[in-house]
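What follows is one structure encoded as structure tokens, with my remarks underneath.
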Amino acid sequence: MRILFVGDIFGRPGRTIVQERLHELQKQHTVDLTWKASSGAVGYNLYRGTVSGGPYTMINSSLDSTTAYIDSTVVSGQTYYYVTTAVDANSNESGYSNQSTAVIPSP
């Protein structure tokens, strides 16, 4: 098996780009969220905002049937506020849960 690096394909310019951008790749942050199941819920929606108390924007693309979510779209140096809602079999959505806060470190 042969592993090719960008520098192998593009020569010196490729190696330079990788060296310049490596710190960005190494500092990718995520937020791992979990919550307790709600009785009668068939799924959950997850919302995120940048101001405590909202407004919030839904960040899951479809109803999530689990009680965990990984937010991989966070930005270094930003603070995020998360809430969830439970959705029942008739598509009724609950009010927001208690808010959780995540502070993303700066590079």
Q. Checking Val6 against (1) modelled with pLDDT under 90; (2) over 26 Å from Val75 (Cβ atoms); (3) of a type in the set (A, V, I, L, M, F, W, C); (4) surrounded by 11 or more Cβ atoms within 10 Å (Cβ to Cβ), which single condition isn't satisfied?
A. (2)
Q | Matching residues in the stretch 35-55 - criterion: being farther than 12 Å from Ser100 by Cα and either of a type in the set (S, T, N, Q) or assigned to a loop (DSSP other than H, G, I, E, B) (or both) | A | Lys36, Ala37, Ser38, Ser39, Gly40, Asn45, Pro55
(Q) Restricting to the stretch 76-105, name every residue that is over 13 Å from Thr34 (Cα atoms), within 16 Å of the chain's Cα centre (by Cα) and surrounded by 10 or more Cβ atoms within 10 Å (Cβ to Cβ). (A) Ser76, Gly77, Gln78, Thr79, Tyr80, Tyr81, Val103, Ile104
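The values are calculated or read from the model by the stated rules, or taken from the named source; none is laboratory data. In this text the structure is predicted, and so the values were computed from the model without any measurement. For neighbour counting, all protein chains shown are included, and Cβ atoms are generated from backbone atoms with ideal geometry for every residue, glycine included.
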